[in-house]
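Heads up, the thing below is written out as structure tokens.
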Amino acid sequence: MTALGFLHPGHSADDDYPRIEQLLGSDIRVDLVRADSGEDVGRADASLRLGAPHRLAAGVEQLRLSGAEAIVWASTSGSFGYGWEGAHEQVRTLATAAGMPASSTSFAFVHAARELGAARVAVAATYPAEVAGPFAGFLRAGGLEVTAVHAAGATAEQAGAWGEAEVLALARAADASGAEALLLPDTALHTVACLPALERELGTPVLTANQVTVWEGLRLTARRVNAPGLGALFRREPIVQA
């Protein structure tokens with residue numbers, strides 16, 4: 001049994017995680033602890049407060065007691081908002097506090113794109129433009145070319161209420177014509193149930209926040225799982241190490 005620990009911001013789309021656990025179809029356990037600020041994490045300033053070390057540390061002990069072997073901060077804006085170096089420091093602090101390998105959703109996107117061999121990516125973000133722009137900058141700092149960015153301007157609460165139709169509309173609104181993968185960065189967005197439909201619709205690999213977050217936990221523990229229902233990322237071998 002491999003136990004993966006996730007610190008999740010709030011409640012939006014947290015039910016994606018037990019769904020992923022089911023789709024993995026192997027001896028993988030997904031443990032989720034919430035780091036809830038009570039704020040709209042679609043705002044840049046709130047995201048920085050949410051990712052503060054004392055907030056993340058609050059959930060670490062619970063995940064350690066659960067037997068987690070790796071921990072991932074499951075917030076995109078709460079990690080890339082610190083910039084490339086600041087996000088590295090964030091996960092170093094988290095790893096030290098947890099006593100185990102650690103990462104975040106923002107780094108998960110970079111590592112997952114590399115795993116797919118996707119050097120050029122497009123972004124379909126629920127965020128406002130002032131949040132989506134720094135995410136694109138983070139990806140560029142990770143060596144990826146960002147071909148297009150679509151910012152829907154939704155709040156985390158709004159995005160959390162979207163169903164498959166709205167997620168597909170968000171993906172279609174992004175110009176992915178010059179990209180090798182499309183990225184949907186919001187962990188508040190339910191995407192796991194519609195990953196196959198997204199990839200059929202777009203004809204390209206799709207990386208979504210909760211999907212890559214769990215993949216990152218597996219990468220940290222050197223686990224390789226074939227789970228076609230979770231998209232192209234989970235149909236490729238091997239998982240590479242950074």
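The values are calculated or read from the model by the stated rules, or taken from the named source; none is laboratory data. What you see is a predicted model; the values in this text were computed from it and never measured. Glycine also receives a Cβ, built like all others from the backbone with ideal geometry; neighbour counts cover every protein chain displayed.
If I ask for residues that are among the hydroxyl-bearing types (Ser, Thr, Tyr) and buried (at least 22 other Cβ atoms within 10 Å of the Cβ), which ones from region 123-176 would you list?
Result: THR126, TYR127.
How many residues does region 196-223 contain that are of a type outside the set (Phe, Trp, Tyr) and part of a helix (DSSP H, G or I)?
18
Given (1) in the same structural domain as ALA57 (by TED's automatic domain parsing); (2) more than 11 Å from THR213 (Cα to Cα); (3) touching a residue at least 12 places away in the same chain (Cβ under 8 Å), where does THR76 come up short, assuming only one miss?
THR76 satisfies all of (1) in the same structural domain as ALA57 (by TED's automatic domain parsing); (2) more than 11 Å from THR213 (Cα to Cα); (3) touching a residue at least 12 places away in the same chain (Cβ under 8 Å) except (2).
Which of the residues spanning region 136-173 are in contact with a helix residue (DSSP H, G or I) (Cβ under 9 Å, 6 or more places away or on another chain) and part of a loop (DSSP other than H, G, I, E, B)?
Selection gives GLY142, GLY143, LEU144, ALA152, GLY153, ALA154, TRP162, GLY163.
Scan region 105-135 for residues that are touching a helix residue (DSSP H, G or I) at 6+ places or on another chain (Cβ under 8 Å), in a helix (DSSP H, G or I) and more than 13 Å from THR213 (Cβ to Cβ) and jot them down.
Hits for region 105-135 are ALA113, GLU115, LEU116, GLU130, VAL131, PRO134, PHE135.
Does region 193-224 hold any residues that are of a type in the set (Lys, Arg) and surrounded by 24 or more Cβ atoms within 10 Å (Cβ to Cβ), and which are they?
ARG219, the sole residue that qualifies.
Collect the residues in region 174-195 that are among the small types (Gly, Ala, Ser) and assigned to a loop (DSSP other than H, G, I, E, B), keeping them in residue-number order.
Hits for region 174-195 are ALA174, ALA176, SER177, GLY178, ALA179, ALA188.
Can you name every residue in region 177-192 that is surrounded by 24 or more Cβ atoms within 10 Å (Cβ to Cβ) and among the charged types (D, E, K, R)?
Matches in region 177-192: ASP186 only.
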